[in-house]
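The values are calculated or read from the model by the stated rules, or taken from the named source; none is laboratory data. These numbers were taken from a predicted model, which means no experiment stands behind them. Counting neighbours? That spans all protein chains shown, and the Cβs are built from the backbone with ideal geometry, glycine included. The accessibility values were calculated without ligands, DNA or RNA, using every heavy atom of the protein model including side chains. Shrake-Rupley method; radii C 1.70, N 1.55, O 1.52, S 1.80 Å.
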Amino acid sequence: MEVVIVPDAAAGGELIAEAIAALLARKPDALLGVATGSTPLPIYHALAARVKDGTLDVGGLRVCQLDEYAGLPAGHPESYRSVIAREVLEPLGLGLERFLGPDGTSADVPAACAAYEAALAGAGGVDLQILGIGTDGHIGFNEPCSSLASRTRIKTLTPQTREDNARFFASPDEVPHHVITQGIGTILEAGHLVLLATGAGKADAVQATVEGPLSALVPASALQLHPHATVVVDEAAAARLRLADYFRATYAAKPAWQGL
Ligand code: F6R
């Protein structure tokens, strides 16, 4: 696992946008897995700025969804499909034909989950998956004690995650209890995992992910199993890392050609 400590969220966004640009240079029709929430927004802003100034061609890019609320009505502004359309597809000038996501409105949730697994496999798999992290260590919506081998399925949000996400809804009661999320086993099949964490509120979860034991109690610790996992953290989120100085020195000495 590579850990990169950046000065702030904007620098993290730029760094990850650079890695995505390098991926697109190698593979113009790459499948990019996108997370929602606040953390990845600087990545999407950095990508959109590059598209706007003509330095990045996303003409072949495909985008897929990590997780979704179950049971919100189609078109709800806080469904993750709507958020991705607003924050990723529209700013990058991509149509819905470039997008893959689970159907959070389906009455047959197991069938919707199986269909999404099949769609991801049919698309050739995710090349680079952007991840955020919950304060409880979740990735996607794989809450603590999710199976490390799990596939796309329904999960119940913890009270903590519902409270964390209440800021997106008019009232806390409106936050759905149930979600559809790629499983940890599904996420681990992506070619490159890139987790961005910013702010002091993520410092404990980051420390447990990077330095703690591999444990279903900290779902993000599953990144330790992946051969190409990058954790990008700002100073505040890095504050609890015991090996912070080692991570800084390693990255400072890294040859530029290696990229992330
Ligand atoms: C959402 C997702 C979640 C979030 C996490 C952190 O698609 O995958 O794991 O990344 O809940 O959310 P923020 O970034 O809002 O703190």
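What the table below lists for this structure:
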{"item": "Answer from ALA119, ALA21 - the residue that is more than 16 Å from the ligand (Cβ to nearest atom), within 18 Å of the chain's Cα centre (by Cα) and open to solvent by 10 Å² or more (accessible area, probe 1.4 Å)", "result": "ALA21"}
{"item": "Test for GLY134: is it within 14 Å of the ligand (Cβ to nearest atom), under 25 Å from VAL6 (Cβ atoms) and in contact (Cβ under 8 Å) with a residue 60 or more places away in the chain", "result": "yes"}
{"item": "Residue within the stretch 207-223 that is open to solvent by less than 40 Å² (accessible area, probe 1.4 Å) and in contact with a Cys (Cβ under 6 Å, 6 or more places away or on another chain) present", "result": "yes"}
{"item": "Selection status of PRO91, out of contact with any His (no Cβ under 6 Å at 6 or more places or on another chain) and surrounded by fewer than 20 Cβ atoms within 10 Å (Cβ to Cβ)", "result": "yes"}
{"item": "Filter pass, LEU32 being within 16 Å of the ligand (Cβ to nearest atom) and surrounded by 20 or more Cβ atoms within 10 Å (Cβ to Cβ)", "result": "yes"}
{"item": "Which listed residue is at pLDDT 95 or above, under 11 Å from ILE133 (Cβ atoms) and touching a Ser or Thr at 6+ places or on another chain (Cβ under 6 Å), from ALA203, ALA237, ALA208", "result": "ALA237"}
{"item": "Number of positions in the stretch 61-78 that are within 21 Å of ALA123 (Cβ to Cβ) and open to solvent by less than 50 Å² (accessible area, probe 1.4 Å)", "result": "7"}
